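Before any comments, here is the structure.
The values are calculated or read from the model by the stated rules, or taken from the named source; none is laboratory data. Owing to the predicted nature of the structure, the values given are computational and were not obtained by experimental measurement. Virtual Cβ from ideal backbone geometry, glycine too; neighbours counted across all protein chains shown.
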Amino acid sequence: MNRIDKKFNELKSQNKKALITYVTAGDPSIDKTEEIIYAKEKGGASVIEIGIPFSDPLADGPVIQNAAQNALENGVKVNQIFKCIENVRENTEIPLVFLVYFNTILAYGVEEFVKECNDVGIDGLIIPDLPYEEQEEIMKYIKGSDVALIPLIAPTSKDRIKDIVKDKNGFVYCISSLGVTGMKDGFYKEVDEFLSSVREYTNLPIAVGFGISTKEDVKRFSGLVDGVIVGSAIVKKVSDSNGDPKEVEKFVKELSSGLNYNK
């Protein structure tokens, strides 16, 4: 049982839901990233998703794309991000998850990347450009480790849901819209039914993300799932405040106040 499992079990025993928040590593700096992680935990985040900057992030909208570009221009390297996590682990046991594109893992070396995640205390990986049909290349290294490969389920997954969630750990990341992160065109019109259908195929906690940006959005979904994911709105807050931890903490606290603790 890794930290993700422990956290969701703890929340379930308290009839609470998880707030999962995102930060782009290295924006505005790698030192600020560490401070932002602590600020989010203080604000009420249950799990923290850390984006490893990539030059062609297909699942990310303009806000996170800009943050990744800033981080890359700042010269942030994967080794620096691992060192940041190592430092964080000296101060907190909050579950930490990487959102990382598979090209980054390939460039680093798949076996070495998973080993490093395990060593520094990363609890899960979200890999948006790795379809389940091609996951064996990394699953052979993840099996037996404390790192979970977190499945991504889109409203269009339908008949593939059963296969996507098979033998996975951590939680299921359900996508609430048909666009990229941060889109404001509204949620998938049948999103409630979609979330309900995912529950038929897995006992893992279910979290929903993409386009969730306000306390009202958090409240709207938290009665339906085990966790709510907020990304672009927090990255924008980081950008607007130049990474001020107190501003981030305040915003996360506001978001967490929207959690609906009733099943």
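D240: surrounded by fewer than 20 Cβ atoms within 10 Å (Cβ to Cβ), at pLDDT below 95 and not basic (K, R), yes or no? Criteria not met by D240. Summed over segment 212-238, the residues that are small (G, A, S), part of a helix (DSSP H, G or I) and farther than 18 Å from F171 by Cβ give a count of 2.
From the list L58, L96, which one is under 30 Å from D192 (Cα atoms) and surrounded by fewer than 22 Cβ atoms within 10 Å (Cβ to Cβ)? The match here is L58. Of all the listed residues (I85, I37), the sole one being of a type outside the set (D, E), buried (at least 24 other Cβ atoms within 10 Å of the Cβ) and either part of a helix (DSSP H, G or I) or touching a strand residue (DSSP E or B) at 6+ places or on another chain (Cβ under 8 Å) (or both) is I37. Checking the structure you have, find out if any residue of segment 244-256 is in contact with a Pro (Cβ under 9 Å, 6 or more places away or on another chain) and buried (at least 24 other Cβ atoms within 10 Å of the Cβ). Checked against the condition, which is being in contact with a Pro (Cβ under 9 Å, 6 or more places away or on another chain) and buried (at least 24 other Cβ atoms within 10 Å of the Cβ), segment 244-256 yields no hits at all.
Hey, among the residues in segment 239-261 that are part of a helix (DSSP H, G or I) and among the small types (G, A, S), which one's farthest from the chain's Cα centre (by Cα)? Result: S239. Checked against the criteria, Q65 does not count as free of Cβ contacts under 8 Å to residues at least 60 places away in the same chain and either in contact with a helix residue (DSSP H, G or I) (Cβ under 8 Å, 6 or more places away or on another chain) or not in a helix (DSSP H, G or I) (or both).
Of all residue pairs spaced 6 or more apart or on separate chains, those with beta-carbon atoms under 7 Å, a first member in segment 11-29 that is within 20 Å of I212 (Cβ to Cβ) and a second member that is modelled with pLDDT of 95 or more and acidic (D, E) are K17/D226; A18/D226; I20/E49; T21/E49; Y22/E49.
Just to be sure I understand the filter: pairs with C-beta atoms under 6 Å, separated by 6 or more residues or on different chains, first member in segment 30-50 and farther than 16 Å from G121 by Cβ, second member part of a helix (DSSP H, G or I) and of a type in the set (S, T, Y). Which pairs pass? Hits for this filter: G44/S256.
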